[in-house]
Structure formats: C-alpha cells, structure tokens
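Colleague: Structure in structure tokens, see below.
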Amino acid sequence: MLRIFVAGILFVLTTPVFAVAGSQTYSSPGTHTFTVPAYGSLTVKAWGGGGGGGGITDASITGAGEGGDSSFQNVRAGGGLGALPHDAGVSVAGVGGAGGIASGGDINIDGNSGQNGNPYDPISGAGGDAPNGGSGGHSARSLEGGHPGSPPGGGGGGGGGADVGPDPEAYFAGGGGSGAYAERTFYINQLSAGVSIPVNVGGGGVGGFGGIPSVPGGAGAPGRVSITW
C-alpha cells in the first residue's frame, strides 16, 4: 500500500503542466496587467498610438498631439508624432509628423510619417499607415476637417484649408505619423508562469485645433497589444 502511495506522489511531481492555447488583446489606452500562463511559446505584438493631424486657423496651422507608446517588458512600439506647427507667413504647406520608433522585438518596424499638406493641389496631408495595422486618416479638401486614423496606430489626417489661388492664402495641414510595430516571441522559461507583467497601450494623439474659426485635424488611432500562446 505504501509503495502505491509513494508511486502516486512521484507521478504528481513528475507529470508536466501542459500549456493550453489562448490569446489576450488590449486595446484600451492605459496600463493593464497580464498574468503569464503555462506556455510553450508566447508571442507579443504591439502597435503604438497614431499622432494627430494638424488643424487650421486663419493665422497658422496648429500643432497636434503625439501618440502614446505601447509596451510589454522591453518590447516597445513608439507613438507617432503629431503634424508640426509652422509660421503661416513662411509656409503654406503643413508638415506631417514622424512615425514612432520600435525596439526590443524580434521584428521592429518604425511607423510611417504623415504626408505634408499641398496647397497647390489643394489637399491636406494623409495620416501615416501603421505597419501591419490601421490606415491613416485620408486627405481633406477645402474647409473639411481632418479624418481620424484607423486602429491600431493609424495617424490622423490634416484639416483642409480654403481660398486657393495662384498665390494661396490658405493652409493645408499635414497628417500625423503612425505608431510603430514591434513583435517578439518568448519561449519556455523566458517568462515565469504566474508572474504579472504590466502592459501599456498608447492612446492616439488629438488633432490640432487652434480656436474659432478653425478646421480641426483628425485624431490618431490608439495602439494595441496582442498576446497569443
């Protein structure tokens, strides 16, 4: 009887814990907590938030908000920059924001820059498309507000100006840069089962808005972190 009891204990102690496949996606901006399950391999995909598109007043193109970073441990997908402000007396083309920077992954792809505005077309700059993610907000025409980026990570499109002629006095805003993309696969024993790890999801940057009257820029899309095992 004792021999059977000891054999039962040894079976429990030596039987491996089998991993069950699963997934978890975080798309609400902010900090979340992920508890590491039993796994054979675990893949993290992260997109940073998109930058906002530039807005227009009767005086200048205003700056827009930067997208937030998304991260899991050292895997980081940076947020895109908002469209840049400029001196209306110097330039009539709004400058698009730069894309976010990726780091810490097996795959790191920086975000795409937003396009510059083109008053001679006339059309505003589209937001940057996120790598493996959402598209940027598309371009706008005269007196049209900027279009938002698509999640995850698309940059917002710039607002459209007016009164275009041979010597334009209108201003066509630039688009926001997209969030970056980072991906990493963790293998068994690289993460300890049961440990809680913070997961940060970057928000989208607000579109530029300079007061009344104003044509606002489109908002950047929030980022995302997807985990599968």
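Colleague: Could you tell me whether residue 220 is in a loop (DSSP other than H, G, I, E, B), surrounded by fewer than 22 Cβ atoms within 10 Å (Cβ to Cβ) and of a type outside the set (A, V, I, L, M)? Can you show your working first?
Modeller: Details: in a loop (DSSP other than H, G, I, E, B): yes; surrounded by fewer than 22 Cβ atoms within 10 Å (Cβ to Cβ): no; of a type outside the set (A, V, I, L, M): yes.
No.
Colleague: Now, a different point. Kindly provide the set of residues from segment 101-116 that are assigned to a loop (DSSP other than H, G, I, E, B) and small (Gly, Ala, Ser), ordered by number.
Modeller: 104, 105, 111, 113, 114
Colleague: Where residues in segment 117-156 are among the hydrophobic types (A, V, I, L, M, F, W, C) and part of a loop (DSSP other than H, G, I, E, B), which of them is farthest from residue 179 (Cα to Cα)? Walk me through it before giving the result.
Modeller: Initially, segment 117-156 is screened for residues among the hydrophobic types (A, V, I, L, M, F, W, C), giving 123, 126, 130, 140, 143.
Filter once more, keeping what is part of a loop (DSSP other than H, G, I, E, B): 126, 130, 140, 143.
Numbers: 126: 14, 130: 6, 140: 21, 143: 27 Å.
Top of the filtered list is 143.
Colleague: Could I ask something else about it? Could we say that residue 94 is closer than 17 Å to residue 217 by Cβ, touching a Phe, Trp or Tyr at 6+ places or on another chain (Cβ under 9 Å) and at pLDDT below 95 here?
Modeller: On the way: closer than 17 Å to residue 217 by Cβ: yes; touching a Phe, Trp or Tyr at 6+ places or on another chain (Cβ under 9 Å): yes; at pLDDT below 95: yes.
Spelling it out, residue 94 is indeed closer than 17 Å to residue 217 by Cβ, touching a Phe, Trp or Tyr at 6+ places or on another chain (Cβ under 9 Å) and at pLDDT below 95.
Colleague: Looking only at segment 160-187, count every residue that is in a loop (DSSP other than H, G, I, E, B) and at pLDDT below 95 and tell me the total.
Modeller: Our first condition is that a residue be in a loop (DSSP other than H, G, I, E, B); within segment 160-187, this holds for 160-171, 173-180.
Retained after the next criterion (residues that are at pLDDT below 95): 160-171, 173-174.
The number of residues fulfilling the criteria is 14.
Colleague: Name the pairs: first residue in segment 211-229 and of a type in the set (A, V, I, L, M, F, W, C), second residue at pLDDT below 95 and not in a loop (DSSP other than H, G, I, E, B), Cβ to Cβ under 7 Å, at least 6 apart or on different chains?
Modeller: 215/55; 215/56
Colleague: Identify all residues within segment 170-199 that are of a type outside the set (Val, Ile, Thr), farther than 30 Å from residue 123 by Cβ and out of contact with any His (no Cβ under 8 Å at 6 or more places or on another chain); write none if there are none. Show your work before the answer.
Modeller: Step one: list which residues in segment 170-199 are of a type outside the set (Val, Ile, Thr), which gives 170-184, 186-187, 189-194, 196, 198.
If we keep only those that are farther than 30 Å from residue 123 by Cβ too, we end up with 182-184, 186-187, 189-194, 196, 198.
Of everything in segment 170-199, those that are of a type outside the set (Val, Ile, Thr), farther than 30 Å from residue 123 by Cβ and out of contact with any His (no Cβ under 8 Å at 6 or more places or on another chain) turn out to be 182, 183, 184, 186, 187, 189, 190, 191, 192, 193, 194, 196.
Colleague: Continuing with this model, one more query. Write out, first by first residue and then by second, each pair whose Cβ atoms fall under 9 Å of each other, whose residues are 6+ apart or on separate chains, and whose first residue, in segment 173-199, is at positive phi while the second is part of a loop (DSSP other than H, G, I, E, B).
Modeller: Filtered contacts from segment 173-199: 194/36; 194/37; 194/38.
Colleague: For segment 132-154, give me the residue count where each residue is open to solvent by less than 70 Å² (accessible area, probe 1.4 Å), within 12 Å of the chain's Cα centre (by Cα) and in contact (Cβ under 8 Å) with a residue 60 or more places away in the chain. Before the answer, list the steps.
Modeller: Start the filter on segment 132-154 by keeping residues that are open to solvent by less than 70 Å² (accessible area, probe 1.4 Å), which leaves 133-137, 139-140, 142, 144-147, 149-150, 152-154.
Now drop any that are not within 12 Å of the chain's Cα centre (by Cα), which leaves 133-136, 149-150, 152-154.
If we keep only those that are in contact (Cβ under 8 Å) with a residue 60 or more places away in the chain as well, we get 133-134, 136, 149-150, 152-154.
So the answer is 8.
The values are calculated or read from the model by the stated rules, or taken from the named source; none is laboratory data. Note that the structure is a prediction, hence the values are computed from the model and not measured. Here Cβ is always computed from backbone atoms with ideal geometry, including for glycine, and neighbour counts include all displayed protein chains. With ligands, DNA and RNA removed, areas are computed over all heavy atoms of the protein, side chains included. Shrake-Rupley method; radii C 1.70, N 1.55, O 1.52, S 1.80 Å.
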